[in-house]
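Everything on this sheet refers to the single structure shown next.
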Amino acid sequence: MLRILLVEDHALFRESLSAQLERCADISAVFKAANSHTAVQAFTDHRPDVILIEAGMSEANAFDMARAIREIDRGAKIIFLSRQACDSDVEEALSVGARGLILRFDGLTVLSQAITDVAEGGMFFSEPIRKRLGIKNGQLSLCQSCTPALVGLTPRERELLTHLGKGASLKEAAAAMDVSYKTADNQKVSLMRKLDIHDRVELARFAIREGLVSLSSPSPHARPGPFTPTASM
């Protein structure tokens, strides 16, 4: 029987998912936390078998939280929940020693299998992520990562990329950034050179893939609904 710590700052999702997990036959308890402080305290108090952490928490850095937990116990088994399989989330998850990363649309059946595999000492990544993983220098890593190029962008270039990824024209992006069209155009040329991307459509795809732009993004704080079981547990 497994004990789970669920770290999620969105109350509705946290309560919904915890209720679904509590109905799983092999889970005996689900402890809940909404921020870094309560997560570290809950881990210290209960020492759960598996920790589930929302990668896109708005009030905390989920990956710094994971590092804090693993400083307490290097054997802590962490699975991240993510809205999309962007390279930056995968890279961060691997860098903090996570045992898995699950996409929100995978469903409860996949999540339950991930929890079981990780609790037993294995690893579990969603299929779109698993296809992009490989072993490099003895370590699990992304076979083809765009993250280094993203890290090389200036804050202004990242801001411009975000606007273009949302479908704004260069003129609209310049207005939103309060810069001249010429300045925005120079920044576009620079970021295209750094990313080795020379097409506006590909820039938008890159922004979405890297998590700078949500596929739906009705608002900065929008969240998808709870996990929907894909099969009876």
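The values are calculated or read from the model by the stated rules, or taken from the named source; none is laboratory data. Since the structure is predicted, the reported quantities are computational estimates derived from the model, not experimental observations. Neighbour counts are summed over all protein chains in view; Cβ atoms, including those assigned to glycine, are modelled from backbone coordinates with ideal geometry.
General observations
- Pairs where the first residue, in the range 139-154, is over 16 Å from CYS86 (Cα atoms) and buried (at least 16 other Cβ atoms within 10 Å of the Cβ) and the second is of a type in the set (Lys, Arg) and modelled with pLDDT of 65 or more, C-beta under 9 Å, 6+ apart: LEU153/LYS194
- Filter result for the condition that a residue is in contact with a helix residue (DSSP H, G or I) (Cβ under 9 Å, 6 or more places away or on another chain) and modelled with pLDDT under 80, over ASP106, ASP87: ASP87
- The range 77-114: number of residues that are among the aliphatic types (A, V, I, L, M) and either assigned to a helix (DSSP H, G or I) or more than 19 Å from ALA62 (Cα to Cα) (or both): 7
- Cβ pairs under 7 Å, 6+ apart, first in the range 197-208 and surrounded by 13 or more Cβ atoms within 10 Å (Cβ to Cβ), second polar (S, T, N, Q) and assigned to a helix (DSSP H, G or I): ALA207/THR162
- LEU203 vs. criteria farther than 15 Å from CYS86 by Cα and part of a helix (DSSP H, G or I): no
- Neighbours by Cβ (under 6 Å, 6+ apart or cross-chain): first from the range 115-126, part of a loop (DSSP other than H, G, I, E, B); second among the basic types (Lys, Arg): MET123/ARG99
- Scanning the range 47-64 for any residue that is aliphatic (A, V, I, L, M), without any contact (Cβ under 8 Å) to a residue 40 or more places away in the chain and part of a helix (DSSP H, G or I) turns up nothing.
- The range 1-17: number of residues that are touching a helix residue (DSSP H, G or I) at 6+ places or on another chain (Cβ under 9 Å) and either basic (Lys, Arg) or not in a helix (DSSP H, G or I) (or both): 7
- Filter result for GLN41 (of a type in the set (S, T, N, Q) and crowded, with 18+ Cβ neighbours inside 10 Å): no
- Selected residue (only one of ALA173, ALA149 is at pLDDT 85 or above and either of a type outside the set (D, E, K, R) or within 16 Å of LEU52 (Cβ to Cβ) (or both)): ALA173
- Pick from the range 78-92, criterion over 14 Å from LEU111 (Cα atoms) and not aliphatic (A, V, I, L, M), ranking: nearest to the chain's Cα centre (by Cα): ASP89
- In the set (1) assigned to a helix (DSSP H, G or I); (2) surrounded by fewer than 16 Cβ atoms within 10 Å (Cβ to Cβ), ARG74 fails one condition alone, (1).
- Within the option set GLU92, GLU54, being assigned by TED's automatic domain parsing to the domain that holds THR116, charged (D, E, K, R), in contact with a Phe, Trp or Tyr (Cβ under 6 Å, 6 or more places away or on another chain) and crowded, with 19+ Cβ neighbours inside 10 Å holds for one residue only, GLU92.
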